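Everything on this sheet refers to the single structure shown next.
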Amino acid sequence: MTDTDKLFQPLTLGPLTLRNRFIRAGANEGMVYQDAPSKALLHHHRAMAAGGVGLTTVAYGAVSDVGRTLQAQVWLRPGILPELKALADAVHAEGGAISYQITHGGSFITSRRVKGATMSAMNGFNKAGFLRGNLFHRAMNRADMEQVTEQFVSAARVCRDAGFDAVEIHMGHGYLLNQFISPLSNRRKDEFGGSALNRVRFPAQVLARVKAAVGDRMAVIAKINVADGVPGGATVEDGIVTAQALEAAGADLLVLSGGRNIESGWFMFGSNFDMAEMQKVLRGNWLTGLMLKASQLGVPKVSFREMYFLEHSRRIRQAVRVPLGYLGGVSSLDNAAQAMAEGFDAVVMARPLIHDPNLVNRFRRGETTRSGCTHCNRCVPYIYHPAGTWCVMNPPNDKALNRQPASA
């Protein structure tokens, strides 16, 4: 069997078997109606499944109301089960599997005012939220940790009851669990700070509790950083420790990403944002625009290269046996086959599939060997658009679908 053939073979992750090795990465869609999935979100992920992916990941489901980073973000709770079930059913009808990425923003709450200091790994000034009046964050205590753990468990159970096949616990990019893992935001002196093993202790406990609650019926996935990409941040050596701890906690798959939204978005995307497009979309939303402009101060000029996380991800592959999803700069069928040859178990993509949801089918049928995505990042600002994210090379989304519940 060739490495290309392997891409189209089934993959078993805990109780879940995928039809192939292609996963649509969790990447914010901005498709929310009344804190629940919109009809636009249903159409988006149904297209991913119809286009051939084995698993499509719905992004940024907050585990609590105060854990929402954005206004247009789903809050996972029993009251929205009809919308969640409609979304899962639509993907299953196309032969795909569906995962919900579950997260808590912690101090990374950028679009809403939170009463009191936001939670994080330690006390300090909240540079992520100060423009919204969230001036400070506070160190979580044991009671906070228990409460948040139960919120992750509850959100996972809601997804299970709605028929989802997996949950992906977001431990990267600067959200709450990553605020423990990264030394950029964790200088605690107790058993949850200091060494890389101590810093991943709380996130690993969250995963173990979620696994115990739903792991007999759902795959439990974690998204982690291979590195933060900036001085003083987590290194690939830290990423190895994180992966080993999550393997021990029972993860069924680790998705390997990198970078932090505030400090190193360029590292995460492997290229710079298009600020002109960002300003066009955010016209009239001066506060968010100012925050995003500030985040670009001192950012290096980065030119996109294919497989940009490969060197870091190889190191983690060598250190663990848990299934790994390679993410970062997969632009062609050859890139995907290389990931198989390097020992990764799945290929995880977002931008190429936003550009062409039918890409996996086209790879399988031999219609193309390369994505038409240019990695210009002009799709990114549209998470703030009333119609939700889309590729600017394609026709725009129908705004009306983003003003209807998924179950309509």
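The values are calculated or read from the model by the stated rules, or taken from the named source; none is laboratory data. Only a predicted model underlies this, so the values are computations on that prediction, with no experimental measurement involved. All Cβ positions, even for glycine, are placed from backbone atoms using ideal geometry, and neighbour counts span all protein chains on display. What goes into the accessible areas is simple: the full protein's heavy atoms, side chains included, and nothing from ligands, DNA or RNA. Shrake-Rupley method; radii C 1.70, N 1.55, O 1.52, S 1.80 Å.
Observations on the structure shown:
- Stretching the chain fully between Met1 and Lys399 yields a gain of 138.8 nm (0.36 nm per residue, less the alpha carbon separation).
- Under 5 Å from the amide H of Leu18 lie the amide H atoms of Leu11, Thr12, Leu13, each residue being 5 or more positions distant or on a separate chain, with H modelled from the backbone and absent for Pro and chain starts.
- Just checking the listed ones, Arg68, Arg138, Arg199: in the Gaussian network model of the chain with Cα springs under 10 Å, the one fluctuating most is Arg138.
- The charge dipole of the chain, taken about its Cα centre with unit charges on the Cβ of Lys, Arg, Asp and Glu (plus for the first two, minus for the last two), comes to roughly 820 debye.
- Accessible area per residue (1.4 Å probe, heavy atoms of protein chains only) ranks Asp89, Asp238 as Asp89, Asp238, with the largest value leading.
- 3J(HN,Hα) along segment 72-87, derived from phi through the Karplus expression 6.51 cos²θ - 1.76 cosθ + 1.60 where θ = phi - 60°, amounts to 8, 9, 5, 9, 7, 7, x, x, 10, 4, x, 5, 5, 5, 4, 5 Hz, with x in place of Gly and Pro.
- With distances taken between every two different alpha-carbon atoms, segment 42-85 has a Kirkwood hydrodynamic radius of 11.9 Å.
- Estimated FRET transfer efficiency when R0 is 45 angstrom, pair Asp190-Phe304 (beta carbons, to 0.05): 0.65
- Area of Phe267 that stays accessible when all protein chains are in place (1.4 Å probe, Å², to 10): 30
- Estimated from the Cβ-Cβ distance and a Förster radius of 25 angstrom, the FRET efficiency linking Gln279 and Arg113 is about 0.55.
- A DSSP coil position with no more than 14 other Cβ atoms inside 10 Å describes the following trypsin sites (Lys or Arg not before Pro) in segment 344-408: Arg365.
- Of (1) 4, 13, 13, 11, 9, 6, 4, 3, 3, 3, 3, 3, 4, 5, 5, 4, 3, 2, 0, 0; (2) 5, 24, 36, 27, 6, 0; (3) 4, 17, 23, 25, 18, 9, 3, 0, 0, the label for P(r) over Cα pairs in 10 Å bins from 0, in percent derived from the coordinates: (2)
- Added length on full extension, which subtracts the Cα-Cα distance from 0.36 nm per residue, Ser332 to Gln34: 103.5 nm
- Estimated D of segment 1-160 in µm² per second, where Rh is the Kirkwood radius over Cα pairs and Stokes-Einstein applies at 37 °C, 0.692 mPa s: 193
- Accessible surface computed residue by residue for the chain, with neighbouring protein chains in place and a 1.4 Å probe, gives 37 Å² per residue.
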